[in-house]
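A.B. asks: Quick one: the structure is below, questions incoming.
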Amino acid sequence: MSQRFTLPIQVTSHDIDELGHVSNQVYLRWVLDVALGVGNEYQSSTSSLAPRAAVPPGAVVVAFSTMLDTGFALALIDLCKRGHTVVAVDILEGSPFDGGQDPILERMWALQRSSMYRDMRVIGVDVVSWPADITLDQAMHLVPQRGRRPSRRRVS
């Protein structure tokens, strides 16, 4: 039977994003702290990168984000560089700015997002948009069907 443990989590002003919520990066760090806290080798970290022990070799990572947090994007890129298949699902529709904006600003925002999608794809992180009017499985059909990296099989 597993033993129970307590892991206190302190929320600071740095943990809160522009929208008044805990940022994805911080939430992911808390989840990892809890997942790794059950072992004897527990070490607290403020890094946005996932510890190697937290993501098993060959794991497929699907991340849901507004893609506004650079640290979160860097963590996804790091996972991709470690050999994981990484898909980022962008849940932000339109621009994050309030009210009617200048059409030039909206166009610049759209070009920036398009450029970010392209840059992440070049690195190996597939990014798909998930508009509210389609289901998640419809959005995921847009992920390129790249061949998965072959996993090493253990021979007994």
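A.B. asks: All but one of (1) modelled with pLDDT of 80 or more; (2) touching a helix residue (DSSP H, G or I) at 6+ places or on another chain (Cβ under 9 Å); (3) surrounded by 15 or more Cβ atoms within 10 Å (Cβ to Cβ) hold for S23; which doesn't?
C.D. replies: (1)
A.B. asks: Just to verify a result, which residue in the stretch 107-142, among those that are among the acidic types (D, E) and exposed (fewer than 12 other Cβ atoms within 10 Å of the Cβ), is farthest from the chain's Cα centre (by Cα)?
C.D. replies: Applying the filter and picking the extreme gives D133.
A.B. asks: Among the strands (runs of 3 or more DSSP E) contained in the stretch 37-156, which hold 3 or more residues that are of a type in the set (D, E, K, R) and at pLDDT below 85?
C.D. replies: none
A.B. asks: Could you list, in sequence order, all residues of the stretch 57-104 that are free of Cβ contacts under 8 Å to residues at least 24 places away in the same chain, surrounded by 14 or more Cβ atoms within 10 Å (Cβ to Cβ) and small (G, A, S)?
C.D. replies: S95, the sole residue that qualifies.
The values are calculated or read from the model by the stated rules, or taken from the named source; none is laboratory data. It should be emphasised that the depicted structure is a prediction, and the values quoted were computed from it without experimental measurement. Cβ coordinates were reconstructed from backbone atoms using ideal geometry, including for glycine residues, and neighbour counts include every protein chain displayed.
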